[in-house]
1. Could you list all residues from the stretch B:383-405 that are of a type in the set (A, V, I, L, M), modelled with pLDDT of 80 or more and open to solvent by 20 Å² or more (accessible area, probe 1.4 Å)?
2. Between A:P145, A:P175, which is under 19 Å from A:D93 (Cβ atoms) and at pLDDT below 90?
3. May I ask you to verify whether A:L46 is surrounded by 15 or more Cβ atoms within 10 Å (Cβ to Cβ) and over 22 Å from A:G29 (Cβ atoms)?
4. Being in contact with a Gly (Cβ under 8 Å, 6 or more places away or on another chain), more than 9 Å from every other protein chain (Cβ to nearest Cβ) and open to solvent by less than 20 Å² (accessible area, probe 1.4 Å) is the requirement here; does B:G358 meet it?
5. In the stretch A:102-148, what count of residues is obtained for those that are within 11 Å of another protein chain (Cβ to nearest Cβ) and in contact (Cβ under 8 Å) with a residue 12 or more places away in the chain?
6. Restricting the search to the stretch B:335-352, which residues are within 10 Å of chain A (Cβ to nearest Cβ) and open to solvent by 10 Å² or more (accessible area, probe 1.4 Å)?
7. Failed condition for A:N23, given (1) part of a loop (DSSP other than H, G, I, E, B); (2) of a type in the set (S, T, N, Q); (3) more than 13 Å from chain B (Cβ to nearest Cβ), with all others met?
8. Any idea which of (1) within 17 Å of the chain's Cα centre (by Cα); (2) without any contact (Cβ under 8 Å) to a residue 12 or more places away in the chain is the one A:I170 doesn't satisfy?
Amino acid sequence: MISLRDVVVRYPGAARPALDGVNLEVAAGETVALVGPSGSGKTTLLRTINGLVPISAGSVLVDGIAVGELRGRALRGLRTRLAMIAQHHDLVDRLSVHQNVMAGALGRWSTAHALRYLVFPLESELDEARAALERVSIPEKLWAPTRELSGGERQRVAIARALVQQPEAILADEPVASLDPRLGTQIIGLLCRLTRESGIALICSLHQVQFAQDYFDRVVLVERGSLCEVESKQPVT
Amino acid sequence: MNALLEGAVRAVPLLVPVAQTFGMACAGMLVALVAGIPLAVAVATRAPGYRFIATALGALRAIPDLTLAILAVVVIGLGPAAGIAALAVFYTAMIGKVFGELLLAAPSAPVDALKATGAGRVSIAAFGLIPLTSRDLLSFGAYAFDCAVRASVIVGAVGAGGLGTELVGAINALDYRRAALLILILVVMVAVVDAFGSLIRRYPRATLALIPIGLLTLWVDRPQFFAFGHALTTFAKMLPPQLNGAELSALPLLLLQTAAIAVFGTALGASIGFFTALIAARTIVPFAVVAVTRRLLDTARAIPEVVWGLILVVSVGIGPIAGILALGFHSAGVLGKLYAESFENVVKEPVASIAATGASTVSTIAYAIVPLAFGPLAIHTLFRLEWNVRAAAVVGMIGAGGIGQALFNAQQLFFYKTMVAYVLITWAIVLAFDILTERLRGRELMT
């Protein structure tokens, strides 16, 4: 489904490329963990797949479509198929939880629909938000102000938003880095279970090698912008 | 080409009022810094009587600059000396209050370390408070100077000389080409001062240029015929403040008009500013669009409310509508710039996350950029409302109605007791709005 071929990403003024000839194939429904030290290129890799970072050489293909050649509406169309979950700070505190969750639908909504939802959400739309929150076990937070959520709850809301997006793949950038190990285990377990249930591919960067080995189909080691090692694992879950 | 030459020839005689206006701003600011900084240090170091100083500065700041200019013209006489006196008092209060708050916000650990050495207040300020907050002090100082240049035009409008007096003369004589030229000169002046402000932030020593220019202006524009006895007699004529029955019964409507000019003017400015800011933020639209929109905002901002008022009174007629539009257009320039900067400064991650869902630009703005910038937007708007209550009194003086017009009429008719009554009422409503908006800002900062 996702295919990276000899991808090079070079930031202006950087001494060495952030990604240096990366090759990676991810099949539909597959879970892949990217592990490696800080600054190794994990985040750049995820952002490159989503078209947020320009490619200096090589190609990124999503179902055969070259991401680097897409612009404007076409690029937005592709992004609706690839949900992103960040480490933290990626929810909008001033919005309520249901508004943050339904932001996942913005790619398939018209602008007028999106603006209307902020003021007059329909019951059917709230049901969709509630269903997504039920899947991450916090349906009671539907109307809660986002700023009052705990770290774990915030990540659950981010996952619910990704599910509402109805993506074919989720790109998660260190989603448990700011959580304690027990909560981190819960969130990673939940993310892997939900993506497997829905047949969604998951590419997730992690610091914790143990999580990667325990929960993911494959573990890829990223070091100095290169994928040094690729190993397949049988998931424990 | 001929028109250009003609314009240049017409501009030459204006060098004197331009120099007067710039000189008034420099001199007023120099006095304000010399007087305001020690007061700010006294407040920040909790010197004896600091509570009284802080309250007095807050109260003094609530008197609009044009009101001060009227009082100064009455006491000192027509000419730049009155303008300098008004600016000096207004900006001393502003520098004293805001610098005091900035110094108080300095990190406490290094200041405590200095206190532990047994250092005195001046040493603590010189070695701790001022260096620790120098960036903010310079930034606000540059902004205050920018405002002082516009204010020197405003005070000129009541006979304090400079561009303001020329502008009022041109508009009253229905010479709109001259008025347009004067406004153009003013826009260029404000742009130059803006550039000087950036220079000060990079090279703080450029502030020293204020000293020779300010001193020279103070000497050249010193009151020629100032008589202390006459000033005292004039003051005595102002007391006690007095309003007759008819004036008292008209007062509620005047207050309502002034409040309406301030509130609707702010609302208009906020609305125009909001939508313009969206196409003035570098993170939302391409640089070429930003460059054009920012220049438009700079122009709207460079023209003071009172000048907008003079133009609008001519085109839409006397009354509060002219006042609302005048405040709205100037506020749009100010708020548009501040809103655009707030949009640019939002945390990037949530915006990237919303954009990554495939959301359109408008949806990303509505779901991420605006909610994330809401706090600063609300604070800027409340600050503007506070400012516009003063400005509403000011534009009232050039025919926009409200208490300002009543005040100006009283001065023109030499009804000094009535004038002082209106000054005190203006001061009271500005102070009330200051307290209200300060509380609202505090609530916004808490959330």
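1. Residue satisfying the conditions is B:L385 alone.
2. Numbers: A:P145 fails: at pLDDT below 90.
Answer to the selection: A:P175.
3. Values: surrounded by 15 or more Cβ atoms within 10 Å (Cβ to Cβ): yes; over 22 Å from A:G29 (Cβ atoms): no.
When the stated conditions are applied, A:L46 does not pass them.
4. Numbers: in contact with a Gly (Cβ under 8 Å, 6 or more places away or on another chain): yes; more than 9 Å from every other protein chain (Cβ to nearest Cβ): no; open to solvent by less than 20 Å² (accessible area, probe 1.4 Å): yes.
For B:G358, the condition - in contact with a Gly (Cβ under 8 Å, 6 or more places away or on another chain), more than 9 Å from every other protein chain (Cβ to nearest Cβ) and open to solvent by less than 20 Å² (accessible area, probe 1.4 Å) - is not met.
5. Initially, the stretch A:102-148 is screened for residues within 11 Å of another protein chain (Cβ to nearest Cβ), giving A:102-119, A:145-147.
Pick out the ones that are also in contact (Cβ under 8 Å) with a residue 12 or more places away in the chain and you get A:102-105, A:107-108, A:117-118, A:145-147.
Matching residues across the stretch A:102-148 total 11.
6. Keep residues of the stretch B:335-352 that are within 10 Å of chain A (Cβ to nearest Cβ), which gives B:346-352.
Once the filter is applied, which keeps residues that are within 10 Å of chain A (Cβ to nearest Cβ) and open to solvent by 10 Å² or more (accessible area, probe 1.4 Å), the stretch B:335-352 yields B:V346, B:V347, B:K348, B:E349, B:V351, B:A352.
7. Result: A:N23 fails condition (1) only.
8. For A:I170, the failing item is (2).
The values are calculated or read from the model by the stated rules, or taken from the named source; none is laboratory data. Please read these numbers as outputs of a predicted model, since none were measured by experiment. Cβ atoms come from the backbone with ideal geometry, glycine included; neighbour counts cover every protein chain shown. Side chains are part of the model used for accessible areas, which takes the heavy atoms of the whole protein and leaves out ligands, DNA and RNA. Shrake-Rupley method; radii C 1.70, N 1.55, O 1.52, S 1.80 Å.
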